[in-house]
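Some notes on the structure that comes next.
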Amino acid sequence: MQPFTARDKVDKAFSQLGFIEYLCIPLYRQISHLWPMLAFYSATLCDNMRKWETEWLEGKERDEGERWGVTRRIEAVEESFLTIVSKVGQAENIDKGGSPGDGGGGPGDNRNERS
């Protein structure tokens, strides 16, 4: 049997992290460009990565370099999605008559006013 097909030696959590990072994330980024409103669901992918990271860390003893590497990979994914989500939010705000970064929805939006 080939080494990569030995199912008893596969680190499932680490494999899932790779699957999400190298298949799901690039696909989701492209989908987010086509349908920007779906970008807000990127938090689910990031949450899944964090859960698999936790399971990976609990699986066996990991050295500091391995731990840092996986954590950094997940942080990079989170940062990239924050950029996409903030661009979508700014575009929506402009569409509603606001300006980038003002948090308001344009004329008539009083959600930030105190009663």
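Structure notes:
- In the set (1) at pLDDT below 85; (2) part of a helix (DSSP H, G or I), ARG67 fails one condition alone, (1).
- Selection count where residues are surrounded by 10 or more Cβ atoms within 10 Å (Cβ to Cβ) and not in a helix (DSSP H, G or I), scope the range 53-64: 1
- Qualifying residue in the range 11-32 (condition: surrounded by 14 or more Cβ atoms within 10 Å (Cβ to Cβ), charged (D, E, K, R) and modelled with pLDDT of 90 or more): yes
The values are calculated or read from the model by the stated rules, or taken from the named source; none is laboratory data. Small disclaimer: the values here were computed from a predicted structure and weren't measured. Note: ideal-geometry Cβ built from the backbone for every residue, glycine included; neighbour counts use all protein chains shown.
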